[in-house]
Amino acid sequence: MDFNDTPEEAKFRAEARAFLAANAEPKGRARPVLRGGLDVEAVKRCKSWQAKKADAGFAGITWPKRFGGREASAIFHVIYLQEEDNYAVPRGLFEIGLGMCIPTMMAYADGEQLDRYVRPALRGEEVWCQLFSEPAGGSDLAALRTRAERDGDDWIINGQKIWTSGAHLSDFGIIVVRTDPNVPKHEGLTFFFLDMKSPGIEIRPIHQMSGASHFNEVFFTDVRVPDAQRLGAVGQGWKVSLTTLMNERLAVGEVHRPDVEDLVELARSLVVDGASAIRNAAVRERIAEWYARTQGLTFTRFRTMTALSRGQTPGPENSIHKLVNASKLQDIASYGLDLMGAAGLVMDDDLALYYAMFQQALLSSPSGRIAGGSDEILRNIIAERVLGLPADIRVDKNKPFNQVPTGPR
Amino acid sequence: MNFDFSDELKQLRDLARRFLAEHSSPSVVRSVLEGRDTYAADLWRAMAEMGWLGAAIPEQYGGAGLGYEGLCVLAEEIGRALAPVPFASSAYLASEAILLAGSETQKGRLLPMFADGSTIGCFALAEGSGNPHSGAVHARCVGGRLTGSKWPVTDGSIADLAVVVARDEAGEIALYVADLTASNVSRRSLSTVDPSRDHARIDFAGADVERLSGEAGWPMVLRLLERAAVLMAFEQVGGADASLEMARNYALERYAFGRPIGSFQAIKHKLADVYVATELARSNAFYGAWALSADAAELSLAAATARVSAIEAFHLASKENIQTHGGIGFTWDTDCHLYYRRSKQLALTLGSAPWWKDRLVQLLEMRNAG
Ligand SMILES: Cc1cc2nc3c(=O)[nH]c(=O)nc-3n(C[C@H](O)[C@H](O)[C@H](O)COP(=O)(O)OP(=O)(O)OC[C@H]3O[C@@H](n4cnc5c(N)ncnc54)[C@H](O)[C@@H]3O)c2cc1C
């Protein structure tokens with residue numbers, strides 16, 4: 001057992017370090033980079049960083065060389081991310097496009113399309129979004145209702161998507177729509193990619209509970225999409241969607257703040273019952289529990305890396321990361337505020353401790369437990385795909401979609 | 001990155017799993033639980049023959065020299081099978097104490113006896129209620145004679161030798177080897193929440209003992225506890241895994257409301273949570289295994305972390321296994337309670353969760369200060 005890289009991995013790590021040291025600012029712990037909405041300046045920074053990274057060969061590490069990738073195994077991607085995590089690089093614009101949309105394109109688009117779209121995406125010149133969720137279809141994605149009807153060489157799309165992260169910043173999107181409501185829900189779906197500037201698309205930002213606006217409602221009114229932009233066969237949209245969602249799984253654990261170390265710092269600086277909070281037995285127990293959970297995830301990731309490094313592919317057991325992290329973040333944020341007492345309410349920059357990091361996390365952390373598979377869906381995945389327990393009973397299973405009961409939304 | 005056991009050790013694990021499934025079956029565990037045996041002596045002899053008892057003891061002292069990773073692999077399987085043998089007492093605690101604190105002569109004389117199973121060792125620290133604390137050690141050795149009461153001592157009535165934590169004439173903490181069959185030693189078996197493992201009260205009334213002549217003091221006791229905590233974490237992970245498997249199998253086979261209970265989300269999600277806790281504990285135990293075998297500076301914190309996770313995982317897994325079984329899970333004849341009992345036994349020896357959590361934060365504070 002060791003934590004050493006193979007010679008090849010070590011060589012790559014050294015290259016990545018050299019690239020980052022020459023091109024990025026090391027990340028201090030002092031002022032964490034918090035994820036909010038992206039303004040025009042932030043978008044520019046993201047794009048120029050992505051271009052630099054792609055030109056140096058650190059984007060699309062697992063992708064074919066013909067698209068500017070390295071054709072390297074997933075372990076190298078993870079190594080790069082580990083190193084990048086030590087630097088304050090601009091993030092938040094390309095994760096969905098490069099992590100989910102383009103890999104789906106690579107599985108289904110034709111050669112000419114790939115020549116057209118992959119490189120600009122890799123260099124950050126074009127941004128992609130994922131148009132899956134709808135008011136009537138989130139966890140139950142296949143219950144979506146946005147329609148597409150054939151019209152000669154085109155399809156005409158009508159309906160609404162929702163929660164589309166970055167739609168307002170995107171050039172292209174991947175979309176799954178219903179092309180046949182007369183068959184059971186999974187059988188009537190078809191998958192396309194489309195130009196977000198197409199006539200008939202209207203994007204309205206959604207005001208999040210955290211105050212930011214990172215995701216959107218996207219309305220489709222007679223939007224024309226050429227049949228050539230269909231990915232997979234008509235009626236095979238569910239299968240294509242699964243390709244996209246599979247890629248969600250390797251999302252490598254980003255470090256969220258406040259973390260348990262922040263909580264230790266906070267507890268040292270606060271006084272509870274006349275003594276430093278860190279001396280309080282109840283506080284110590286909570287810190288120890290979160291520390292053990294944090295370390296448990298870190299070393300679970302190391303076990304995954306070991307498997308990757310032996311050429312295995314990541315499976316459903318990777319659901320553990322988001323499931324544990326999302327609640328931990330929410331709980332640490334909330335507990336930190338408890339320790340502050342009434343002052344925990346205050347978010348003014350000059351008064352709030354740690355730049356209001358705990359308060360901001362309180363308000364943004366609920367999203368982590370919902371986005372990309374809710375806690376409940378992840379528990380289902382672990383129960384069904386890892387432990388082999390039966391799938392949920394589905395009352396809509398063999399019914400034509402247009403006869404499935406729905407709620408008022 | 002090679003954060004996994006070697007193929008040879010995985011083979012050892014598979015072999016141990018098969019062997020223990022047969023030789024440490026629930027009926028073997030029950031024969032101790034129900035008082036027909038004090039421990040599984042046949043199993044113990046077989047383990048000695050296979051070299052398990054001396055897995056981490058260097059070959060020069062009669063051990064198998066498999067190293068600590070080898071011992072970890074075995075510990076997981078022993079925990080999975082709830083093996084009713086004094087493995088932890090003899091191999092993680094008594095042998096380790098002699099390795100760490102014994103002189104060359106003491107090692108040469110005592111370790112081969114532990115490695116071949118002819119002598120069973122135990123570790124006597126507690127003197128009644130409370131978690132490990134130097135101030136709670138009152139046993140005292142004056143002129144080579146030990147006086148004091150130790151309880152509970154795991155495997156205390158079946159062991160031949162005990163490594164006893166006591167004060168010397170100067171009042172300093174030291175480790176002593178006591179022959180438990182000698183005069184002026186009296187022992188009484190205790191009834192406990194886990195009768196599948198022996199526990200005793202041992203009274204020393206001026207018993208002849210031998211001081212381990214190497215390093216002494218309370219830090220040595222902590223080092224011992226730490227090393228044992230990593231190994232015990234593997235037992236706990238094995239036990240948690242076995243509890244989860246038992247619950248999962250039952251959830252597939254038991255029907256209610258016309259469907260397997262494993263199709264109800266309340267059961268699915270419960271078992272998913274058990275899986276998560278067990279995997280986190282396993283990962284932390286892996287790190288402990290690495291730190292132990294590399295004798296790394298991170299060992300103290302790694303051990304505390306592994307122990308905190310392992311206690312939580314086995315407790316959760318064993319109690320939810322009973323819950324998943326419903327009424328039958330509460331019966332004597334169903335094996336659920338064997339895991340539930342063992343999870344508490346393992347959680348309470350070596351210091352319980354609140355003590356280790358406090359220690360973990362102490363170590364974090366020290367690390368951050370240093
Ligand atoms: C910050 C953020 C960004 C997002 N970005 C995107 C994006 O870019 N593109 C996109 O397509 N979508 C995006 N989403 C949408 C996200 O995928 C959905 O919100 C998510 O799948 C849940 O769907 P829903 O909101 O409809 O909730 P619902 O599915 O209605 O869930 C409501 C509650 O019911 C529970 N529930 C549902 N089904 C089950 C079940 N079978 N068993 C047990 N409980 C169940 C859920 O766990 C949840 O607690 C984003 C969401 C967020 C919060």
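The values are calculated or read from the model by the stated rules, or taken from the named source; none is laboratory data. Note that the structure is a prediction, hence the values are computed from the model and not measured. When we count neighbours, we look across all protein chains shown, and the Cβ atoms used for this are built from the backbone with ideal geometry, even at glycine.
Checking the structure you have, find out if any residue of region B:250-270 is of a type in the set (Lys, Arg), farther than 20 Å from residue A:376 by Cα, surrounded by fewer than 24 Cβ atoms within 10 Å (Cβ to Cβ) and modelled with pLDDT of 95 or more.
Among the residues of region B:250-270, at least one is of a type in the set (Lys, Arg), farther than 20 Å from residue A:376 by Cα, surrounded by fewer than 24 Cβ atoms within 10 Å (Cβ to Cβ) and modelled with pLDDT of 95 or more, which makes the answer yes.
Keeping to region A:374-389, report how many residues are within 15 Å of residue A:245 (Cβ to Cβ), within 8 Å of the ligand (Cβ to nearest atom), more than 7 Å from chain B (Cβ to nearest Cβ) and part of a helix (DSSP H, G or I).
The number of residues fulfilling the criteria is 1.
Here are the criteria: (1) within 16 Å of the ligand (Cβ to nearest atom); (2) surrounded by fewer than 19 Cβ atoms within 10 Å (Cβ to Cβ); (3) within 14 Å of another protein chain (Cβ to nearest Cβ); (4) over 25 Å from the mean Cα position of the chain (by Cα). Tell me which single one residue A:407 does not satisfy.
(3)
Provide a single number: the residues in region A:300-317 that are closer than 21 Å to residue B:274 by Cα, under 21 Å from the mean Cα position of the chain (by Cα), facing chain B (nearest Cβ under 7 Å) and not hydroxyl-bearing (Ser, Thr, Tyr).
Number of matching residues: 1.
Hey, which of the strands (runs of 3 or more DSSP E) in region A:146-257, taking only ones fully inside, have at least 3 residues that are more than 13 Å from the ligand (Cβ to nearest atom)?
Where strands (runs of 3 or more DSSP E) fall fully within region A:146-257 and carry at least 3 residues being more than 13 Å from the ligand (Cβ to nearest atom), they are A:147-151, A:154-165, A:189-195, A:201-205, A:215-226.
Taking into account only those residues within region A:269-299 that are facing chain B (nearest Cβ under 8 Å) and of a type in the set (D, E, K, R), which is surrounded by the fewest Cβ atoms within 10 Å (Cβ to Cβ)?
A:285
With respect to residue B:354, is the statement that it is within 8 Å of another protein chain (Cβ to nearest Cβ) and under 23 Å from the mean Cα position of the chain (by Cα) true?
When the stated conditions are applied, residue B:354 passes them.
Looking at residue A:83, is it in contact (Cβ under 8 Å) with a residue 12 or more places away in the chain, among the acidic types (Asp, Glu), part of a helix (DSSP H, G or I) and away from the ligand (no atom under 16 Å from the Cβ)?
For residue A:83, the condition - in contact (Cβ under 8 Å) with a residue 12 or more places away in the chain, among the acidic types (Asp, Glu), part of a helix (DSSP H, G or I) and away from the ligand (no atom under 16 Å from the Cβ) - is met.
Name the single residue, out of those in region A:1-51 being of a type in the set (A, V, I, L, M) and in contact with a helix residue (DSSP H, G or I) (Cβ under 7 Å, 6 or more places away or on another chain), that is modelled with the lowest pLDDT.
If we take residues in region A:1-51 being of a type in the set (A, V, I, L, M) and in contact with a helix residue (DSSP H, G or I) (Cβ under 7 Å, 6 or more places away or on another chain), then A:34 is modelled with the lowest pLDDT.
When you scan region B:1-50, how many residues do you find that are among the polar types (S, T, N, Q), more than 14 Å from chain A (Cβ to nearest Cβ) and either in contact with a Leu (Cβ under 9 Å, 6 or more places away or on another chain) or in contact (Cβ under 8 Å) with a residue 60 or more places away in the chain (or both)?
Matching residues across region B:1-50 total 2.
What number of residues within region A:53-68 are surrounded by 19 or more Cβ atoms within 10 Å (Cβ to Cβ) and among the small types (Gly, Ala, Ser)?
So the count comes out to 3.
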